[in-house]
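Written out below as structure tokens is the structure these notes cover.
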Amino acid sequence: MARRCELTGKGPMTGNNVSHANNKTKRRFLPNLTETALMSEALGRTFRLKVSSAALRTVDHRGGLDGYLAKAKDAELSPKALKIKRDIEKAVASA
């Protein structure tokens, strides 16, 4: 599975290790990902997503998964998260 956040789209970045002698070797900066279960209040169930710690703080700030996905751009979301967003929008529209 790719090392990419399903909500924000954060992925690995590249850079250099720089030694005391100023030798440079390539390295990767990996995002801080955790697999967490997030609850959708509109659908009444939980979803397991691979999410970065920064995205988790934003989800809490926006009032849960439903609030986060309502404001999230479709281009940043994974296909799984995009499907959850569509299901939430249908559930809210029908209620």
Flag if Ser53 is closer than 21 Å to Gly11 by Cα and either in contact with a strand residue (DSSP E or B) (Cβ under 9 Å, 6 or more places away or on another chain) or not small (Gly, Ala, Ser) (or both): yes
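How about segment 10-27: which of its residues are free of Cβ contacts under 8 Å to residues at least 40 places away in the same chain and either surrounded by 10 or more Cβ atoms within 10 Å (Cβ to Cβ) or touching a Leu at 6+ places or on another chain (Cβ under 6 Å) (or both)? Give the steps one after another, and end with the answer.
First, pick out the residues of segment 10-27 that are free of Cβ contacts under 8 Å to residues at least 40 places away in the same chain: 11-27.
Answer for segment 10-27, where residues must be free of Cβ contacts under 8 Å to residues at least 40 places away in the same chain and either surrounded by 10 or more Cβ atoms within 10 Å (Cβ to Cβ) or touching a Leu at 6+ places or on another chain (Cβ under 6 Å) (or both): Gly11, Pro12, Met13, Gly15, Asn16, Val18, Lys24, Arg27.
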Within segment 42-95, considering residues that are surrounded by fewer than 16 Cβ atoms within 10 Å (Cβ to Cβ) and hydroxyl-bearing (Ser, Thr, Tyr), the one nearest to Ala2 (Cα to Cα): Ser53
Residue satisfying condition, being of a type in the set (A, V, I, L, M, F, W, C) and out of contact with any Gly (no Cβ under 8 Å at 6 or more places or on another chain), within set Leu49, Leu77: Leu49
Tally of residues being closer than 25 Å to Gly64 by Cα and of a type in the set (Ser, Thr, Tyr) across segment 1-51: 5
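Name every residue in segment 1-14 that is outside any strand (DSSP E or B) and aliphatic (A, V, I, L, M), in order of residue number.
Initially, segment 1-14 is screened for residues outside any strand (DSSP E or B), giving 1-12.
The answer is Met1, Ala2, Leu7.
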Residue match in segment 8-26 (condition: of a type in the set (S, T, N, Q) and at positive phi): yes
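Only the coordinates and a few stated rules stand behind these numbers; no lab work does. Given the structure is predicted, the values throughout are model-derived calculations rather than measurements. Reconstructed Cβ throughout: ideal geometry from the backbone, glycine too, with neighbour counts over all protein chains shown.
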